[in-house]
Amino acid sequence: MATADTLPQAGYEKNSEAPANSSLTGLVSGIINDAQTLLRQQAEMLKAEVREDFKRSKRAAEFGAVGVVFTTVGTLGLITALAYLLHEQYAFKMWASWGIVGGLFAIIGGACAAFSYTLLERFNPLPDKTFNALKENITWQTK
C-alpha cells in the first residue's frame, strides 16, 4: 500500500503549505477526481475477478456435465445388474430386488445431498477480495 512518502506530490513539498494559486475548489475537485478514479479501478477489479471466476466455473461445469452423463449411463447398467443379481443369486422376487436396490440408492443420494448442502453453506460466490478492498477505500474516504 502506498504511503504519504511514496505518493507523488501535487505541486507542493511535504510539510509545506499549498501554493497560493491552488484554491479550495481545486483541491476538492482533485479529491473528487481521485475518488472517482479509485472507484472506477475498483469496478474494473470487480469485473475482472467475476469474469475469471465465471470462466473457471464454466469449464468445471462443462466437464462435470459430461461426467454426469457417462456416470448416469454406467450407473443405470449397474443398478439393473444388481437387481438381477439379487433375483438370480438369492431368489428374491424381482420387485423385492428392485426395492432393495432403490432403497440403497435413495439412502446414498440423501447422504450426498446433505453433504452437498453443507459444502454450499460454506461457499461464498461473491468476489471477497474486491469487496473488502472497496469497503476499506470507502471507509478511508468517509473519515
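The values are calculated or read from the model by the stated rules, or taken from the named source; none is laboratory data. Not measured: the values here are computed from a predicted model. Note that each Cβ is placed from the backbone with ideal geometry, even for glycine, and that neighbours are counted across all protein chains shown.
Here are some notes:
- Contact map, the range 124-142: first residue among the aromatic types (Phe, Trp, Tyr), second residue surrounded by 11 or more Cβ atoms within 10 Å (Cβ to Cβ), Cβ cut-off under 9 Å, separation 6 or more or different chains; pairs are Phe131/Leu46.
- Residue pairs meeting the criteria (Cβ under 7 Å; at least 6 apart or on separate chains; first closer than 17 Å to Thr142 by Cα and at pLDDT 90 or above, in the range 34-49; second in a helix (DSSP H, G or I) and not charged (D, E, K, R)): Ala35/Gln141; Leu38/Asn137; Gln42/Thr130; Gln42/Ala133; Gln42/Leu134; Gln42/Asn137
- Screening Tyr90, Tyr84 for residues that are touching a residue at least 12 places away in the same chain (Cβ under 8 Å), of a type outside the set (S, T, N, Q) and surrounded by 10 or more Cβ atoms within 10 Å (Cβ to Cβ) leaves exactly one candidate, Tyr84.
- Whichever residue in the range 84-143 is more than 25 Å from the chain's Cα centre (by Cα) and under 30 Å from Leu38 (Cβ atoms) and, among such residues, is modelled with the lowest pLDDT: Lys143
- Residue within the range 52-62 that is outside any helix (DSSP H, G or I), more than 29 Å from Leu104 (Cα to Cα) and either at pLDDT below 95 or charged (D, E, K, R) (or both) present: no
- Filtering the range 59-74 for residues that are touching a Phe, Trp or Tyr at 6+ places or on another chain (Cβ under 8 Å) and more than 30 Å from Arg40 (Cα to Cα) leaves an empty set.
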